[in-house]
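Enquirer: Structure provided below as structure tokens; questions to follow.
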């Protein structure tokens, strides 16, 4: 009995090694091949997009594509400079905005990212959208889907070992033990790793958006805004996402390191400057136009007064 329980515990302890996550360096389990994951996820993605209705808002659709592609390009440049380009060699980035009122976005392996229109209702600028898309790109690059699938395979293997250990017991005892193990695997291994993935994606996402020339410091206010707009009351222990308070606290903790150790890549720093300059020019032009209108109005009024006086 002890032997089998030891083997089961050993199987569960395997959840956490084999490969390294970019940026964080965390060791992760990855026993499912990229080809298997990408093939199955592409089929699911294509099936989803056939039924989903793409947004008809051309401005927001273009914004999602623009910000997404910029973060993807910065991510690829970072991985290439750190010898990790092979990690995304089979990726084909896609950024879609679909008609759905939920405050949500998701990423599928291979760089397929979908944003819901509902989320765009609380996004006021590119930097906030970059928080979301940086997070989703991070999920893809960190191969969290591969790790989740590997966890499930190993969890099933562990359940099989438990079945052998209890083979001499009654069916009722085996059923109860199986239920206990199922809860243990769910709350003790699977969900905590999922929350770890979310926290890791937050961290890596801040880095990717920083490299792309966006400001990670807006993440705090953005997640506070998300928190006030969210209606979820699921306790953290049963949720795949960290609580809002915990997420914000973790981001506040990571921000100083991100701002200190990472700078916008040259090509994106220039783009940021250009964008700022364009906004400044636009503002100046508006002021000039307003001034010109005021001057013209004043001249017309003065002329009218003179004409009236002559009469």
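The values are calculated or read from the model by the stated rules, or taken from the named source; none is laboratory data. Treat the numbers as computed from the prediction; the structure is a model and nothing was measured. Quick reminder, even Gly has a Cβ in these numbers, built from the backbone with ideal geometry, and neighbours come from all protein chains shown.
Enquirer: Among the residues that make up the stretch 82-97, is at least one of them loosely packed, with under 15 Cβ neighbours inside 10 Å and at positive phi?
Expert: Taking every residue of the stretch 82-97 in turn, at least one turns out to be loosely packed, with under 15 Cβ neighbours inside 10 Å and at positive phi.
Enquirer: Given the residues 210, 148, which is the only one that is modelled with pLDDT of 95 or more and in a helix (DSSP H, G or I)? Give the steps one after another, and end with the answer.
Expert: Numbers: 148 fails: modelled with pLDDT of 95 or more.
Of the residues listed, the single one that is modelled with pLDDT of 95 or more and in a helix (DSSP H, G or I) is 210.
Enquirer: So which of 114, 180, 132, 173 ends up being at pLDDT 55 or above and either under 23 Å from residue 36 (Cβ atoms) or surrounded by fewer than 19 Cβ atoms within 10 Å (Cβ to Cβ) (or both)?
Expert: Numbers: 180 fails: at pLDDT 55 or above; 132 fails: either under 23 Å from residue 36 (Cβ atoms) or surrounded by fewer than 19 Cβ atoms within 10 Å (Cβ to Cβ) (or both); 173 fails: at pLDDT 55 or above.
When all the criteria are applied, what remains is 114.
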